[in-house]
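Please treat every number below as a calculation from the coordinates, not as lab data. This is a predicted model, so every value here is computed, not measured. For neighbour counting, all protein chains shown are included, and Cβ atoms are generated from backbone atoms with ideal geometry for every residue, glycine included.
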Amino acid sequence: MEAVTGQHFFFHDQPEHAAEKDSCHFCQLRAFPIHQTTPVTIVNAKDQAVIPPNFRFIDRMVLGQGVEPAEDSFRSGCSCESDSECQYMGCLCLADLGEEEDSSSNEDEDIHANGANGDGPEAGRKDKMLNSKEPLYECHAGCSCSKDCPNRVVERGRTIPLQIFRTDDRGWGVRTQVAIKKGQFVDRYLGEIITSAEADRRRAASAVSKRKDVYLFALDKFTHPESLDPRLKGPPLEVDGEFLSGPTRFINHSCEPNLRIFARVGDHADKHIHDLALFAIRDIPRGEELTFDYVDGVTEDGGGMEGASAGDMAKCLFKREFLFGGSSTPLASTQRNATQLTSLRLLLFATIHHLQASK
Ligand SMILES: C[S@@+](CC[C@H](N)C(=O)[O-])C[C@H]1O[C@@H](n2cnc3c(N)ncnc32)[C@H](O)[C@@H]1O
């Protein structure tokens, strides 16, 4: 229990306790509409630590200053006559996916596309997409299909109850309260969407700027200097989950993760503010800690790591040491002379700066 906010449980409705109630993490979580069916709980059986008081749980992205969604005139959606059509290339929402995945398949509108998949509790991404870096295109508010359309998995939200718990050695972590199937959608990474200038300002202002980077995700999946959309020319917007986020902000890094993060697009006009969606990449038993690779797809040379090599532990451990100041490293200490350290730190800073959704 957070001593600083615990009082209000006894004086819930009294105005003098309103501020206390407002900053209570349990109350923030309990206020979410899905709390009754898929709660997030917080436990600490290790020490006296509490969730940082300046952190607030949110259940949707918050747009920072200077960040705008697309104007209504640019919006579009599919006009599929039945929900089942939204799984095929003929669906307008999946048109982009067709171009990137396999241009030849565009000619056949009946080809089954790999958007989201399913309407049951195990809805998610198809197996073969879990090793790809393809974004996910879903139907959305502007589409003719119903809320039960199988291509609305991320839009329907988290269906898995989660627990934020105190780990032995990595601060807070997150574990699942139910078994999760390979491919199943877990949750989005939420935060404040800010301009790249604001992200740079926050990095500079942060006491430990390299650590600030672990909360910042660049929304750069569709960024290209030659894009016809001025908002996609770059620099990309970034999501800051340090002070405003959901439970996924407490998910730790692993080189052998059980989750992977993908870019998810609803309305194509909003590609500059695409979602970051976490999916299970293997079956996960109830109670297991959830993890993802923070630097998935990024190598020391700045290039993408096609089909992220989980076996490449050397690079991963190396990154972890500089990310978290840990002691494990594949480099012998004698190898780490001052010159190496400086250049490696700079390299890592540049790399982490572009933490990305499996680009
Ligand atoms: C996004 S937060 C994850 C939640 C965090 N554990 C907490 O208590 O708030 C990232 C921070 O968690 C810690 N962390 C995450 N993964 C780790 C790992 N594999 N080893 C050590 N520390 C880790 C580091 O302190 C890192 O800066």
Practice item. Enumerate the calculated ³J(HN,Hα) couplings along the range 78-94 in order (Karplus 6.51 cos²θ - 1.76 cosθ + 1.60, θ = phi - 60°), each rounded to whole Hz, writing x wherever the residue is Gly or Pro. Key: 7, 10, 4, 7, 9, 4, 5, 5, 6, 9, 10, 4, x, 6, 4, 5, 9
Study note, to complete from the structure: Note, the range 157-163: 3J(HN,Hα) by Karplus (6.51, -1.76, 1.60, θ = phi - 60°), whole Hz, Gly/Pro = x, goes x, 5, 10, 10, x, 10, 10
Review point. Residues with amide H under 5 Å of L244's amide H, sequence separation 5 or more or different chain, H placed in the peptide plane at 1.01 Å from N; which?
Key: R56, E192
Check your understanding: Once the Cα gyration tensor of the range 143-224 is diagonalised, what are the square roots of 5 times its eigenvalues, in whole Å and ordered largest first, as equivalent ellipsoid semi-axes?
Key -> 30, 23, 9
Exercise for review: Could you pull out every residue, at least 5 positions away or on a different chain, whose amide H is within less than 5 Å of the one on W172? Hs are placed 1.01 Å off N in the peptide plane, and Pro or chain starts have none.
Suggested key: T167
Exercise for review: Would you mind getting me the FRET efficiency between R282 and E16? Use the beta-carbon distance for r and R0 = 41 Å, nearest 0.05.
Suggested key: 0.25
Review point. How much net charge surrounds C145 when only the other residues with a Cβ under 10 Å from the Cβ of C145 are counted, with Lys and Arg +1 and Asp and Glu -1?
Key: -2
Exercise for review: Determine, from the Cβ-Cβ distance of R30 and D72 and an R0 of 22 Å, the FRET efficiency 1/(1 + (r/R0)^6), rounded to the nearest 0.05.
Suggested key: 0.05
Practice item. Starting from the exponent 0.38 and prefactor 2.2 Å, build the expected Rg for the range 212-252 from its residue count and divide its actual Cα Rg by it. Key: 1.42
Review point. Pairs K147/K182; K128/K271; K21/K46; K21/K221; K46/K133: which exceed 29 Å Cα-Cα?
Key: K21/K221; K46/K133
**Study point:** 3J(HN,Hα) from dihedral phi, the range 63-76, Karplus parametrisation 6.51/-1.76/1.60, rounded to Hz, x for glycine, proline
**Key:** 8, x, 4, x, 10, 10, x, 5, 5, 4, 5, 8, 7, 8
